[in-house]
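Single-structure report; data block below.
The values are calculated or read from the model by the stated rules, or taken from the named source; none is laboratory data. Not measured: the values here are computed from a predicted model. Using ideal geometry, Cβ is built from the backbone for each residue, glycine included, and neighbour counts are taken over all protein chains shown. Heavy atoms of the whole protein, side chains included, go into the accessibility calculation; ligands, DNA and RNA do not. Shrake-Rupley method; radii C 1.70, N 1.55, O 1.52, S 1.80 Å.
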Amino acid sequence: MPLIPLPELLAHAREHGYALGYFESWDSYSLEAVLAAAHEERAPVIVGFGATMLDDPWLDDRGIGFLGAMGRAFVEGSDVPLALLLNETHSFEQAIRGIDSGFTAVMIDSHRWPVPEAVAAVSALVDAAHPAGVAVEAEFGSLPDFVDGQVHDGHAYLTDPDEARAFVEETGIDCLAVAVGNVHLLTVGTAAIDLPRLKAIDAAVSVPLAIHGGTGFPPADVAAAIDAGVAKFNVGTRLKRVFLDAVMANAGTWTGQESVHDLVGSHKDTDFLVAGQASITSTVRELIRLYGSSGRAESLLPKEVT
Ligand code: 13P
């Protein structure tokens, strides 16, 4: 099984001047689509699921266990190096459930919490995760969201390099997500990135940096961001949009006469969801190339797997 500790993947990316994509899935179709893209590009990749948009009662019931089991089942059949991330849980307890459910990296969505609370929860998470061989990412600084055609930045603040260093040292995290102008969920235009700030954060902290809000991140700034310490880009919204576009285009051809069993959930070429899946794969392939992770798989895999 090609699961590799996240710090090892990120260190390889830093050493070789590229970044990994974390392409957020929400079900088996989207997860398979990302794995197919990584396989076709021979790229290391971070796969997984995000908790932010999911219903807490569902997550807290059996949702996290289900996502972990499904994730493990699919990554075990893969042949590229990868990490399995439970991204942005609403609570400490959910992240702990993620560790128990087979995820190899976890993150609490703590960027809007008062800093002392975030430090306490993230430190406790590191204490629980590291002995289990699980990595921890955390965000310091807070991203604006793009919702209903507008950027909402009431809670947002940029990452301060000195504060970020203190946060990393106090918590012991493996990867730091930063706010440097990037915007969550941005589908109109691109964000204005503060590259000098990114460089200053990289100089101040000892761990690789992650950029959330990959959908609206300007492609022209990717190489400079990697140069300035970024080893991971998170992409979510764009994948759901291309999926939905393709599913809608295909579903529109249904006359009401064709068998619904072929069209929904069959995993055959006739399945609307398979059309959505193909659009995710081609988008992820494009991003993998943009991040420079294409063709990097073999140098990370143990020899007997290659
Ligand atoms: P986007 O949805 O803006 O691509 O951001 C995804 C993300 O940051 C998940 O953590």
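In summary, the convex hull built on the alpha carbon positions of the chain has an orientation-averaged projected area of 15.8 nm².
Based on Cα contacts under 8 Å between residues 6+ apart, the chain shows a relative contact order of 22 percent. Peptides 245-252, 5-12, ordered by how many other C-beta atoms sit within 10 Å of their residues on average, highest first, read 5-12, 245-252.
Full extension of the chain segment joining A251 with E93 gains 53.0 nm, where the gain is 0.36 nm per residue of separation less the Cα-Cα distance. Computed over region 76-182, the P(r) tail beyond 21 angstrom holds 38 percent of alpha carbon pairs.
Highest mean packing first, where packing is the average number of other Cβ atoms within 10 Å per residue, the peptides 263-272, 21-30, 182-191 line up as 21-30, 182-191, 263-272. Relative contact order, whole percent, for region 147-305 stands at 17, derived from Cα pairs under 8 Å and 6 or more residues apart.
Packing-based ranking of 33-40, 148-155, 137-144 yields 137-144, 33-40, 148-155, ordered from highest to lowest mean Cβ neighbour count within 10 Å.
Phi-derived couplings, Karplus 6.51 cos²θ - 1.76 cosθ + 1.60 at θ = phi - 60°, listed residue by residue for region 193-203: 9, 8, 5, x, 5, 4, 4, 5, 5, 4, 5 Hz, with x used for Gly and Pro. Across region 289-301, coupling constants 3J(HN,Hα) worked out from phi with the 6.51/-1.76/1.60 Karplus curve, θ = phi - 60°, read 5, 4, 7, x, 8, 4, x, 9, 4, 5, 6, 9, 7 Hz, and Gly and Pro carry x.
Accessible-area rank, largest first, for T52, T171, T253: T253, T52, T171, with all protein chains present and a 1.4 angstrom probe.
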